[in-house]
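Visitor: This is the structure, below, for whatever I ask next.
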Amino acid sequence: MRLPALLLVLLAAGCSGSPDVVQHVPAAAGGPDGPAGAVTLSGSGEFAAGNTAAIAYDRRLAPNGAQASLKAESTGGTTRTSLVVEGFVPNRRYGAHLHTGACAADPEASGPHYQHHPGQVTPSSEVWLDFKTDASGAGRATARHEWALDPAALPKSLVIHAQPTKKKGEQAGTAGPRIACLTLS
């Protein structure tokens, strides 16, 4: 399945609009959980050589042909985030999170995890989109949060990690090395 088919899957799942277009509507004053306006972030692409918006750092885990599409919609104090991937290693678990910086050649350039409540490393403050691929290397994940994205401090990338996110203990929120990065706009 190529990128147009991936986009059709997202559309069929209830996402509309072009995944490469940002709709950023300035908000009226909002409450403590964010502004009252709507924000949509998206990104999509194939992790191909020379693509600076979709970068693969580990070709063993993000093989040639791997691609991803993400859409985050924030309205009315709720944020819904959907991720669709294909072409990854079949029958394997990955971690995925929104990050504060854009993708770059250095995997660390995407910065730390985006946190709605700074300092809280929890699935209710961060956007965790762990997924398991099927036999063809496709997977999907969704997350819903009862807070709005702040237009003044938006996440700038989705980072796919080598392992699923640790839920407990000292290393809660970690998911191993960064294997791919998708810039959001």
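Visitor: Residue by residue through segment 152-185, note down the ones that are open to solvent by 40 Å² or more (accessible area, probe 1.4 Å), of a type outside the set (S, T, N, Q) and farther than 25 Å from residue 87 by Cβ.
Guide: Listed by number, the residues that qualify are 152, 153, 166, 167, 168, 169, 170.
Visitor: Select from segment 156-174 the residues that are modelled with pLDDT under 95 and of a type in the set (Gly, Ala, Ser) and write down the one among them that is nearest to residue 53 (Cα to Cα).
Guide: Filtering first and then ranking leaves 173.
Visitor: Another one. So, of the residues in segment 104-129 that are more than 22 Å from residue 93 (Cα to Cα) and among the aliphatic types (A, V, I, L, M), which turns out to be farthest from the chain's Cα centre (by Cα)?
Guide: Checking each candidate, the answer is 105.
Visitor: In segment 43-69, what count of residues is obtained for those that are out of contact with any helix residue (DSSP H, G or I) (no Cβ under 9 Å at 6 or more places or on another chain) and either within 15 Å of residue 143 (Cβ to Cβ) or crowded, with 20+ Cβ neighbours inside 10 Å (or both)?
Guide: 7
Visitor: Continuing with this model, one more query. With the structure loaded, tell me whether residue 89 is without any contact (Cβ under 8 Å) to a residue 60 or more places away in the chain, touching a His at 6+ places or on another chain (Cβ under 8 Å) and of a type outside the set (D, E, K, R) or whether it fails that test. Before the answer, list the steps.
Guide: Numbers: without any contact (Cβ under 8 Å) to a residue 60 or more places away in the chain: yes; touching a His at 6+ places or on another chain (Cβ under 8 Å): no; of a type outside the set (D, E, K, R): yes.
Spelling it out, it is not the case that residue 89 is without any contact (Cβ under 8 Å) to a residue 60 or more places away in the chain, touching a His at 6+ places or on another chain (Cβ under 8 Å) and of a type outside the set (D, E, K, R).
Visitor: Please go through segment 71-118 and give me each residue that is assigned to a strand (DSSP E or B), aliphatic (A, V, I, L, M) and more than 15 Å from residue 149 (Cα to Cα), ordered by number.
Guide: From segment 71-118, those assigned to a strand (DSSP E or B) are 71-75, 78-86, 93-99, 113; that's our starting set.
Narrowing the set further to residues that are aliphatic (A, V, I, L, M) leaves 72, 83-85, 96, 98.
Selection gives 83, 84, 85, 96.
Visitor: From the set of residues in segment 76-121 that are at pLDDT 95 or above and of a type in the set (Val, Ile, Thr), which is most open to solvent (accessible area, probe 1.4 Å)?
Guide: Among them, the one singled out is 100.
The values are calculated or read from the model by the stated rules, or taken from the named source; none is laboratory data. Values in this document were obtained by computation on a predicted structure and should not be read as measured data. Here the Cβ is made from the backbone with ideal geometry for all residues, glycine too, and neighbour counts use every protein chain on show. Keep in mind that these areas ignore ligands, DNA and RNA; they rest on the heavy atoms of the full protein, side chains included. Shrake-Rupley method; radii C 1.70, N 1.55, O 1.52, S 1.80 Å.
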